[in-house]
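Working notes, structure below.
Nothing in this text is a laboratory measurement; each read-out follows from the coordinates by a stated rule. Model, not experiment: these values are computed from the prediction. Cβ coordinates were reconstructed from backbone atoms using ideal geometry, including for glycine residues, and neighbour counts include every protein chain displayed.
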Amino acid sequence: MELTVLGGGIAGISAAYHARKMGVKATVYEARERWGGLLDHFMVGDFRFDYAVHFAFADDPELLRILKQTEHFVHSPEAYNYERGRWLKHPVQNNLYPLPAGEKVAAIKSFIERPEQKEVSNYCDWLIQQYGQVIAERFPMTYTRKYWTVPAEQLSTDWIGCRLYRPSLDEVLFGAMTDETPNTYYIKEMLYPRKGGFRTFLEPLAGDLDIRTGKEAVRINPEKKFVEFAGGERAYYDHLASSLPLPELIPMIDGSPPPVKNAAAMLWATSVGLVSLGFNRPAVTPYLWFYVYDEGMLPSRVYSPSLKSPDNAPGNCSSIQLEIYFSRKAPLQKSEAEIIEHALSLVERWGFAARDEVVAADFRVLPYGNVVFDLGMLERRRVVTGYLKSIGILPIGRFGEWDYLWSNQCFASGKKVEVLLAGT
Ligand SMILES: Cc1cc2nc3c(=O)[nH]c(=O)nc-3n(C[C@H](O)[C@H](O)[C@H](O)COP(=O)(O)OP(=O)(O)OC[C@H]3O[C@@H](n4cnc5c(N)ncnc54)[C@H](O)[C@@H]3O)c2cc1C
């Protein structure tokens, strides 16, 4: 009895790890030449960049034990927001202090007058109900157009969970009068390896698991139970778990019915354009990470890899990475050279560095960033995952479960193979 796993990100590795713990042989097939998926990194000269901001946090004692085997820093999640030339502490609704008095009054009045609880039919309704029209429109609705690439009216609320802070009137008033506000971020401690980038955390998990890289699955036959890889090689399976994105997985399954294919084709995710910059001097920014609201500025979020760990940059140097979100609904319409030029102009505008201090510059794209919870997505996802269950494929991970999962939740998702394998 053997488990075959598609995708060598944390979900796939966790699946193989948990199978191994049950005494079941497991093989992971990964398309790229390195395992790690979104938790991997790349080098630009001597600068190391993760694929977008990544910190580790976990409640699961087993995952915590694994993470803590790696020497790490513990960061306090002190994020900032940049809007119209001002830096506001995060979350903005609790930290209106830097705004001019008249704007604060308008925001607070609208918070007090926010509509009573009524049926919420989309994310826009939810935002107005939580924060009032003025705060909702100025901050999260603007950010939504950048980060989710569609207006808030087109999104459901199924993904919110603890991600957005809902302040009391006292908290809003307090944060409008002083900048000495408490940190209300939903995570209290964020871990990051001292050396080697985020992927180092996964090394104890991957251990000596059988992870075969350079194996891109292109076809699955659920009746004869084989996976075919680019080049024609086949692997026959007893049990199959897949962390591949559902819109790519379904078309590769022999005999997948048209309604399932249609539902999968209508699932969509944002992509992330990463501009990675290295500087020839230390600490170009004091901000570990910050959100950018101005719609004329392409990035939604910016963070500093060298503040996560100095090991991410050569001695006396520093780095930042800008995340630009786009999608099939809002394609990226600039060339790589234009995007890097835009990033350099922002670095100057934010007062971080001069152009001649930039010694490394890179642009690349993550095709799958965040799965989008547009209206009707849950039903389309149900059709697809129901079909996978009917043919004995276990979907795992962020793009297999098609959910807004953090890495710790993908670890838990991979653990679901325990149910699949129970009794084998
Ligand atoms: C911008 C951004 C910021 C984030 N920040 C955080 C954070 O701070 N903390 C946190 O915990 N989480 C964060 N996350 C979430 C985290 O990155 C993911 O939850 C997690 O890495 C997903 O793991 P996975 O194994 O499900 O998917 P992936 O990491 O995407 O792994 C899937 C693997 O499948 C492989 N694959 C694809 N197609 C094929 C094929 N045909 N054949 C074989 N292999 C294939 C891919 O190459 C990939 O390696 C962030 C995510 C994003 C996008």
*Could you name the aspartates and glutamates whose alpha carbon sits less than 17 Å from that of Lys146, not counting residues in the same chain fewer than 8 places away?*
Glu83, Glu137, Asp294, Glu295, Glu323, Asp374
_Pairwise label distance in nanometres, Ser121 with Ala283, each label 7 Å out on the Cα-Cβ vector_ = 5.3 nm
*Round to the nearest 10 and give me the degree value, 0 to 90, for the angle of helix 377-390's Cα axis relative to the longest principal axis of the chain.*
20 degrees
*In debye to the nearest 20, how big a dipole does the chain give about its Cα centre with +1 on each Lys and Arg Cβ and -1 on each Asp and Glu Cβ?*
460 debye
_Could you work out how much longer the chain between Val105 and Gln333 gets when fully extended? Use 0.36 nm per residue separation minus the Cα distance between them, nm to one decimal._
78.3 nm
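Given the C-alpha atoms of the stretch 139-229, compute the convex hull and give its volume per residue in Å³.
Working: hull volume 22.4 nm³, N = 91.
Spread over its residues, the Cα hull of the stretch 139-229 gives 246 Å³ apiece.
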*Amide H neighbours of Arg48 under 5 Å, counting only residues 5+ apart in sequence or on other chains, H built in-plane at 1.01 Å?*
Ala313
_Give me the extension gain from Glu203 to Ile391: residue separation times 0.36 nm, minus the current Cα-Cα distance, reported in nm with one decimal._
64.4 nm
*Roughly how many whole Å is it from the C-alpha centroid of the stretch 124-177 to that of the stretch 327-364?*
28 Å
*May I ask which residue of Leu274, Leu288, Ser300 lies farthest towards the positive end of the charge dipole of the stretch 189-322, with charges of +1 (Lys, Arg) and -1 (Asp, Glu) on Cβ and the Cα centre as origin?*
Leu288
*asked:* Tell me the angle of helix 10-21 to the major Cα principal axis of the chain, expressed in degrees between 0 and 90 and rounded to the nearest ten.
replied: 40 degrees
*Got a sec to turn the phi values of the stretch 109-119 into Karplus ³J(HN,Hα) couplings, 6.51 cos²θ - 1.76 cosθ + 1.60 with θ = phi - 60°, whole Hz, x for Gly and Pro?*
4, 5, 5, 5, 8, 4, x, 4, 3, 9, 5
_What is the sum of charges, Lys and Arg at +1 and Asp and Glu at -1, for the other residues whose Cβ falls under 15 Å from the Cβ of Pro140?_
+1
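How many times 2.2 N^0.38 Å is the alpha carbon radius of gyration of the chain? Walk me through the numbers on the way to the answer.
Details: Rg = 22.5 Å, N = 424, 2.2 N^0.38 = 21.9 Å.
Rg over 2.2 N^0.38 Å, computed on Cα atoms: 1.03.
Pairs Lys188/Lys416; Lys21/Lys215; Lys104/Lys334; Lys104/Lys188: which are spaced more than 30 Å apart, C-alpha to C-alpha?
Working: Lys188/Lys416 27 Å; Lys21/Lys215 24 Å; Lys104/Lys334 36 Å; Lys104/Lys188 28 Å.
The pairs that break the limit, which is 30 Å between Cα atoms, are Lys104/Lys334.
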*Options Pro193, Pro167, Ile112, ranked by Cα towards positive dipole end of the stretch 110-193, top entry (Cβ charges)*: Pro193
*Can you spot the lysines whose alpha carbon is less than 24 Å from Lys109's alpha carbon? Ignore those fewer than 8 places along the same chain.*
Lys89, Lys118
*Gap in Å between the Cα centre of the stretch 1-58 and the Cα centre of the stretch 267-293?*
23 Å
*How big is the charge dipole of the stretch 99-177 about its Cα centre, in debye rounded to the nearest 20, if each Lys and Arg gets +1 on its Cβ and each Asp and Glu gets -1 on its Cβ?*
260 debye
*Packing-based exposure ordering (other Cβ within 10 Å, fewest first) of Phe47, Phe226, Phe363, Phe399*: Phe226, Phe363, Phe47, Phe399
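Work out the FRET efficiency for Leu164 and Glu233 from their Cβ-Cβ distance, taking R0 = 56 Å, and round it to the nearest 0.05.
0.75
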*Mind checking which aspartates and glutamates have their Cα closer than 14 Å to the Cα of Lys389? Skip sequence neighbours fewer than 8 apart in that chain.*
Glu223, Glu401
